[in-house]
Amino acid sequence: MKNIFLLLFVLIVMDCLSAGAQALHLGIKAGTDLSEVTGYSVQNGLKGGFMAGAFAEVNLILLGVQPEVLYSQINTQGSDNQNIKLQYLNIPILLTIKLPIPILSLLLGPQFSTLLNKNDNLETNGKNAFTSGNFSMVAGAQLNILKFKGGVRYVYGFSDINNTSASGSWKTRTVQIYVGLRIF
């Protein structure tokens, strides 16, 4: 058992020491958000929006970290067919797991979001209808070809974004499809 822990420790140290050669990279990305808000008083179903932002990546041999700052738009409709556009600043912090196929990696991690603007008049007569924060988990896959990236991921919202007392719980679900460019 000690040998297994020693081997694991040596592999982690070697992975960290090689990080200097693989360094820090920065880039930009943009794509589409197919999202829905689930719950009472909103119509379920995916609606298109967009996302854009920047990312950083610190790559080790088998693992990496990819923090991002993204502008994201979630569109939905109220039960009265009123269009609702929620604009978020998302900060995902993703663990990158490299697969045996060199160009493919898996992404997994939390996402913290803050609402930038909101549609306040959804059945609330002037009250704020949506909470200002949202906590989500992200899982996806990403292709890495030279300086280009492309990927798809699923964002599952855990937070209740309903700030009204009468309409039950509202949660977000999003599928993101994106392309990116590593600048350096």
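Bear in mind these aren't lab numbers, they're just calculated from the coordinates by the rules spelled out. Worth saying up front: this structure is predicted, and the values here are computed from it rather than measured. Every residue, glycine as well, gets a Cβ built from its backbone with ideal geometry; the counts of neighbours run over all protein chains shown.
Annotations
- For the set Lys47/Lys147; Lys98/Lys149; Lys85/Lys149, the pairs lying more than 20 angstrom apart at their alpha carbons are Lys47/Lys147; Lys85/Lys149.
- You can think of it this way: the chain between Ile91 and Phe112 has 7.0 nm of extra reach, that is 0.36 nm per residue less the Cα-Cα gap.
- Sites Val58 and Ser169 - FRET efficiency at Förster radius 35 Å, r taken between beta-carbons, to 0.05: 0.45
- Computed from the C-beta positions of Leu26 and Met137, the FRET efficiency with R₀ = 30 Å rounds to 0.80.
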